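Note sheet for the following structure.
The values are calculated or read from the model by the stated rules, or taken from the named source; none is laboratory data. Source: prediction; values computed, not measured. When we count neighbours, we look across all protein chains shown, and the Cβ atoms used for this are built from the backbone with ideal geometry, even at glycine. Just the protein is used for accessible areas: all its heavy atoms, side chains included, with ligands, DNA and RNA removed. Shrake-Rupley method; radii C 1.70, N 1.55, O 1.52, S 1.80 Å.
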Amino acid sequence: TPTLAIDQTFSPTWTGAHTFQTNNVALNKADPSLVFNVSSSGDTDFWIGVQDEGAGDDDDLFYIGDGTSPGTNPFLTLDTSGKFGIGGITAAPSYNLSLLGTSSQTIGVERQTTAATAGAGLTISAGGAVSGGTDLMGGQLTFKSGVATGTGYSKIIFQVAPSGGNGT
């Protein structure tokens, strides 16, 4: 199959739209990346790329970040086992979904902006047993608070909105 292979710095200058008429585009180098450098001053640039760990042991990381220097300021990280990191994770994520930050993190469903529209639900579900077996347990759903030190403590809080509230 036809492939466009780019093995070096490739900086063509084009005007208008151009299409590569091949089946694959390959970036063949250590730490291959694409930089989306917006020409407008003050606009945000982005990059996507693979950071090659160099040891030949299949632990490279795929990143998406901002700026024009690939490998710096990543927002999203994906490792070769499918673990996904959000928020500046620069090493392999520890969990299937890892969130990094210096403040609390929230996972939620965006509120609708259309008037008279009900809110969308969010379901967290553990895996179920496959039928055909006997006395098989379903998956366990665990909520775990953070580790506290000294006289500190951690909490698990369940909060519901009362009927008739404005939801803000």
(message) Here is a list: 108, 127. Which entry is open to solvent by less than 80 Å² (accessible area, probe 1.4 Å), within 21 Å of residue 87 (Cβ to Cβ) and either at pLDDT 80 or above or not aliphatic (A, V, I, L, M) (or both)?
(response) 108
(message) Given the criterion charged (D, E, K, R), modelled with pLDDT of 85 or more and closer than 30 Å to residue 32 by Cα, identify the matching residue among 60, 135.
(response) 60
(message) So for region 135-154 (the condition being open to solvent by 90 Å² or more (accessible area, probe 1.4 Å) and among the acidic types (Asp, Glu)), does at least one residue qualify?
(response) yes
(message) For the structure I just gave you, tell me whether residue 3 is surrounded by 10 or more Cβ atoms within 10 Å (Cβ to Cβ) and at pLDDT below 65.
(response) yes
(message) So, in region 117-145, exactly how many residues are closer than 24 Å to residue 155 by Cα and either touching a residue at least 60 places away in the same chain (Cβ under 8 Å) or of a type outside the set (A, V, I, L, M) (or both)?
(response) 9
(request) Output the residue which, of all residues in region 6-57 that are under 18 Å from residue 72 (Cβ atoms) and surrounded by fewer than 10 Cβ atoms within 10 Å (Cβ to Cβ), is modelled with the lowest pLDDT. (result) 30
